[in-house]
Amino acid sequence: MSYLSAANMTGGYGKADILHDCTLTVEKGEIAVIVGPNGAGKSTAMKAVFGMLNLREGRVTLDGSDITALSPQDRVKKGMGFVPQVNNVFPTMSVEENLEMGAFIRNDDFKVTMEQVFTLFPILKDKRRQNAGELSGGQRQQVAVGRALMTQPKLLMLDEPTAGVSPIVMDELFDRIIEVARTGISILMVEQNARQALEIADKGYVLVQGENKYTDTGKALLADPDVRRTFLGG
Amino acid sequence: MEFLNALVAITNYVIIPATAYGAQLALGALGVTLVYSILRFSNFAHGDTMAFGTGVVILITWGFQAMGISFGPLPTALLALPFGIVVTSALMLGTDKVVYQYYRKVKAAPVVMVMVSVGVMFIMNALTRFLIGVDQINFADGARFVINARQWREMTGMSEPLTLRSTQVITVVTAILVVWALFWFLGRTRTGKSMRAFSDNEDLALLSGIDPNRVVAVTWIITGALATIAGTLYGLDKSFKAFTYFQLLLPIFASAIVGGIGNPVGAIAGGFVISFSEVGLTYAWKKVVTYLIPNWEPDGLVQLLSTDYKYAVSFTILILVLIFKPTGLFKGKIV
Amino acid sequence: MSTSRQADSAAGGRLRAPLFFALMAALIVLEGMTSGWNSALGILNMGLLSAIMALGVNMQWGYAGLFNAGAMGFVALGGLAPVLISMPPTQGAFKAGGFGILAAFAVAAIAVLGAVWLYRNLRGKLRGLAVTGVLIVGFFAYRWLFDPAVEVIEAINPSAAGNLGGLGLPTLVSWPVGALLAACAAWLVGKIALGLRSDYLAIATLGIAEIVVAVLKNEQWLDRGVLNVNGIPRPWPVPYEIDLQNSHAFVAKMQAWGIDPTLGSTITVKLAFLLLFVIVIFALIWLTEMSLRSPWGRMMRAIRDNEVSAAAMGKNVTRRHLQIFVLGSAVIGLAGAMMISLDGQMTPSSYNPLRYTFIVLVMVIVGGSGSNWGSILGGVLIWYVWVKAGDWGPDIMALLASPFPAGPFKEHMIDSAAHMRMLVMGIILLGVLRFSPRGLLPEK
């Protein structure tokens, strides 16, 4: 059984379903990327995995235990970390305080984790006393990822982490994400920049209208002429 | 010498009273701004909460006086203050449970919450009236002056008198302590930080496992405490009258908005902006002018605005801020 | 809960309103039979005036979701109209100081407009200096003109007048003028506070209300301030009691009906006011219902129900809000003018925010936000409860206090009975908001 398995998810916000029998799995230490056209239900699928959406059908398991009925907060305690696409920092709090709030549910000493985050994102250490709202877009994303890492998650979910940042910053962020995955953390990520994301992905999901259209390794998807033509612009 | 006399007159009639009043407004505005940043509505019941808290403090003060307990040169009300805070904060928590909680659950619009707070205002108003009536009450005891006019003359030999009432000193000292404690709490403790996080980004705070019920409860406790302290200090400095506290709502809201609603530093700055403008514009400057410009006796009082219009000052500043800088002097929240 | 409400509206929907109005009528009749018809008609008349205020507040809160925390200010401002329009002019006052005051206002207006012009056309440091300079010079020029003019006016026959007086026009003329005064003030406040955060309007209106009442209390040249203006003429065709009592025809008729002529005269006067108020109410309801059914009304509701999507569809939300805010305030001002005509006197110290702002909000909520008939029902019903809670309070308190021994505690309990009505209003408001947020007569 995969580390994360979200099988046959069907559901939506209101009466109309957005997801139709959608399945996502991630192995330990693996990077899985969800790509697809606008309105394909990519973010919705991720929110469903995180429990922010009521599923009519389907089952979500993490490390073998069924978490389908748990609230997002309880899933955090189970080892999920979630980085929303927007509004993902506390703008009037310092970088250090943002990380501290990330560790809010931990009762043990989180200094070591914070040092690990600072090693991963050295710029944050320099700006630890600065308010997160005053940082640049890329730095803010680093704070957001760092905040989610503070709970020492086993699965980190990122909703379009590179939205609105420059290509150079995007490359750097992807490098960091690979580093995170090397420490054994599974990554599930939604991306607009499909080509770049698939390049670092162990596994890629192409969603169309809430359904799995193609599922393969990142390399295979990049090589697939159908995928290239329809989703990657040739 | 004339210049010094003018300076003393300004200190005596403008700077000292405005500082005390500003500290009272700042504490009131902190309560309003705190409720705004956590619960996201303008609390119209805050003036009456201040009145209620002060009413409780007065009753306990009378109780202490009857038992012969006093606080030496300090007003007995300061001894009663902690008890008043406990009662008021308990009432706040109860109100939240019975009234506000439901509207949070159904995610009511902020303007509905404001309407609900009007309902709470009526009830608080009634409770205060039941408790202590509508009459004016003076409850300051202990030493009246730190410096009185005679001492000042003997000390300096100046003809222009300066008095420093003990309630003014108590107001400022208490306000500094309270503000220091509040900022320490918000900036250094886990609970305080979680409140700031909740105010900054509610969804992310929930994701981080911050318990909203706890944040809200702590907010109400602090609001009750701030309201009781602000009300008691105002009552000691001037006098207690339930309706006056309702009227304080305008300068308090003005302070919070001028400083930037949702921003504690702004609330304090706003309080002093309002108080200095109000006192400065309604003070009769005749004396000062006479000192400063020799051989000229102005015929009027040289008062820019009659004291009856002191609320117009808050209002005008409020309007100016709304026109030119709706987020306030310090950046506040805009929702 | 929701199914039972649907069943309600299916079975009793058409009957709901008549039923409630019949109940209200029954309460008034009961009051007439137990406490006399003067008292009953007094409550009804004041209730109808409150209903008109509620209509105005309902336009703002019910149609547009705007929170007006300063209805008192618009009521008071409207009340100024009968003083300025229908009182006779004070002999010589205008000649002595009127022009001075007008000139002072002109100077103030020029200074403000000049400052605005400079603000718009200058840049940099110079702008701040120039604007401040113009305002300061303008202020002192204003005071230099204004203060002596006021002094002269207030010196004229201070025991009876000391103010400018009015224009001596018919009282009915003053009603629309009251609406106009309120509308102007509302435009000013709305222009500034609308389009910002929703509760900024509430706080700004709270402020303007305090200031209007402060002006009425302190500007003796205008309305004699706390000295009050008495003997404000009644509107046509309401007669005076004394005239009726001196009329042989009236006395003869009353005696023929077996009614004491003095009592008959007071009741006739009240009925005449009642008739006028009812005409105004029907006219207002007709107008509002017509406008609500027009494209304009549909747009208003669309904006209220979803501001964001209405704005996305290119509707200028702030502009519509300003319109409805001004219109609603005009209706409140109209009620204020009518109230002063009913009372026959202007007593600025009687304007109390709880009575004229917050109770009116309770009326709107209880009647049903957005429902015109609801506002009428809420207005009369809540006014009735307000008056009666003042009567019942002491009785209930006396009962509650009866087990306690005589002493200061018991006295305190009985004394505080007068405050019972505040508690009642708070409980009614919170109860309706919580359990029946659509009110007694929900909007269709």
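The values are calculated or read from the model by the stated rules, or taken from the named source; none is laboratory data. Owing to the predicted nature of the structure, the values given are computational and were not obtained by experimental measurement. With ideal geometry, Cβ positions are generated from the backbone for all residues, glycine too; neighbour counts draw on all protein chains shown.
Results, tabulated for the structure shown:
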quantity: Close pairs from the range A:180-206: first without any contact (Cβ under 8 Å) to a residue 40 or more places away in the chain, partner of a type outside the set (Asp, Glu), Cβ under 6 Å, at least 6 apart; calculated: A:Asn193/A:Thr162; A:Arg195/A:Leu232
quantity: Residue tally, condition surrounded by 18 or more Cβ atoms within 10 Å (Cβ to Cβ), assigned to a loop (DSSP other than H, G, I, E, B) and facing chain C (nearest Cβ under 9 Å), over the range B:320-335; calculated: 2
quantity: Helices (runs of 4 or more DSSP H) fully within the range B:248-299 counting 3 or more residues that are at pLDDT 90 or above; calculated: B:249-259, B:264-282
quantity: Matching residues, the range C:109-126, being in a helix (DSSP H, G or I) and either under 22 Å from C:Gly165 (Cβ atoms) or not aliphatic (A, V, I, L, M) (or both); calculated: C:Gly114, C:Trp117, C:Tyr119, C:Arg120, C:Asn121, C:Gly124, C:Lys125
quantity: Selection count where residues are assigned to a loop (DSSP other than H, G, I, E, B) and more than 24 Å from the chain's Cα centre (by Cα), scope the range A:220-232; calculated: 1
quantity: Residues of the range B:62-112 satisfying the condition of being more than 14 Å from chain C (Cβ to nearest Cβ) and either in contact with a His (Cβ under 9 Å, 6 or more places away or on another chain) or aromatic (Phe, Trp, Tyr) (or both); calculated: B:Phe64, B:Phe71, B:Phe83
quantity: Unique residue being assigned by TED's automatic domain parsing to the domain that holds C:Leu80 and not hydroxyl-bearing (Ser, Thr, Tyr) when the list is C:Leu122, C:Leu172, C:Leu129; calculated: C:Leu172
quantity: Qualifying positions in the range C:415-436 - exposed (fewer than 15 other Cβ atoms within 10 Å of the Cβ) and more than 8 Å from chain B (Cβ to nearest Cβ); calculated: C:Gly431, C:Phe435, C:Ser436
quantity: From C:Gly114, C:Gly97, residue being over 30 Å from C:Asn228 (Cβ atoms) and over 29 Å from the mean Cα position of the chain (by Cα); calculated: C:Gly114
quantity: Test result for B:Gly72, surrounded by 20 or more Cβ atoms within 10 Å (Cβ to Cβ) and of a type outside the set (Phe, Trp, Tyr); calculated: no
quantity: Of all residues making up the range A:91-120, the number that are within 19 Å of A:Glu172 (Cβ to Cβ) and surrounded by fewer than 21 Cβ atoms within 10 Å (Cβ to Cβ); calculated: 4
quantity: Qualifying residue in the range C:135-149 (condition: closer than 19 Å to C:Leu84 by Cα and part of a helix (DSSP H, G or I)); calculated: yes
quantity: Checking B:Ile210 against (1) surrounded by fewer than 24 Cβ atoms within 10 Å (Cβ to Cβ); (2) among the β-branched types (Val, Ile, Thr); (3) in a helix (DSSP H, G or I), the condition it does not meet; calculated: (3)
quantity: Failed criterion for C:Val226 (all others in (1) within 20 Å of the chain's Cα centre (by Cα); (2) modelled with pLDDT of 90 or more hold); calculated: (2)
quantity: Boolean, B:Leu162 is outside any helix (DSSP H, G or I) and either within 29 Å of B:Leu34 (Cα to Cα) or of a type in the set (A, V, I, L, M, F, W, C) (or both); calculated: yes
quantity: Those residues of the range A:151-185 which are within 14 Å of A:Met46 (Cα to Cα) and of a type outside the set (A, V, I, L, M, F, W, C), in sequence order; calculated: A:Asp159, A:Glu160, A:Pro161
quantity: Verdict on A:Gly81 being in contact with a Leu (Cβ under 8 Å, 6 or more places away or on another chain) and at pLDDT below 90; calculated: no
quantity: Per-region count, the range C:182-203, residues under 16 Å from C:Leu84 (Cβ atoms) and facing chain B (nearest Cβ under 10 Å); calculated: 0
quantity: Where a residue in the range B:307-331 is without any contact (Cβ under 8 Å) to a residue 60 or more places away in the chain and its partner, wherever it lies, is outside any helix (DSSP H, G or I) and buried (at least 21 other Cβ atoms within 10 Å of the Cβ), with Cβ under 8 Å and at least six apart; calculated: B:Pro326/C:Arg197
quantity: Among the residues listed as C:Leu216, C:Leu292, C:Leu206, the single one being away from chain B (no Cβ under 14 Å) and at negative phi; calculated: C:Leu292
quantity: Single condition C:Pro394 does not satisfy, out of (1) in contact (Cβ under 8 Å) with a residue 12 or more places away in the chain; (2) more than 14 Å from every other protein chain (Cβ to nearest Cβ); calculated: (2)
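Each row is one residue, and each column tells you yes or no for (1) among the basic types (Lys, Arg); (2) under 22 Å from C:Ala40 (Cβ atoms); (3) under 22 Å from the mean Cα position of the chain (by Cα); (4) buried (at least 19 other Cβ atoms within 10 Å of the Cβ).
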site: C:Ala249; (1), (2), (3), (4): no, no, no, no
site: C:Phe273; (1), (2), (3), (4): no, yes, yes, yes
site: C:Leu276; (1), (2), (3), (4): no, yes, yes, yes
site: C:Ile285; (1), (2), (3), (4): no, no, yes, no
site: C:Met300; (1), (2), (3), (4): no, no, no, yes
site: C:Leu327; (1), (2), (3), (4): no, no, yes, yes
site: C:Gly336; (1), (2), (3), (4): no, no, yes, yes
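To keep it simple, each residue is scored yes or no on (1) surrounded by 21 or more Cβ atoms within 10 Å (Cβ to Cβ); (2) more than 19 Å from B:Thr11 (Cα to Cα); (3) within 12 Å of another protein chain (Cβ to nearest Cβ).
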{"residue": "B:Ile257", "(1), (2), (3)": "yes, yes, yes"}
{"residue": "B:Gly260", "(1), (2), (3)": "yes, yes, yes"}
{"residue": "B:Gly280", "(1), (2), (3)": "no, no, no"}
{"residue": "B:Tyr283", "(1), (2), (3)": "yes, no, no"}
{"residue": "B:Val289", "(1), (2), (3)": "no, no, no"}
{"residue": "B:Ile293", "(1), (2), (3)": "no, no, no"}
{"residue": "B:Gly300", "(1), (2), (3)": "no, yes, yes"}
{"residue": "B:Leu304", "(1), (2), (3)": "no, no, yes"}
{"residue": "B:Leu318", "(1), (2), (3)": "yes, yes, yes"}
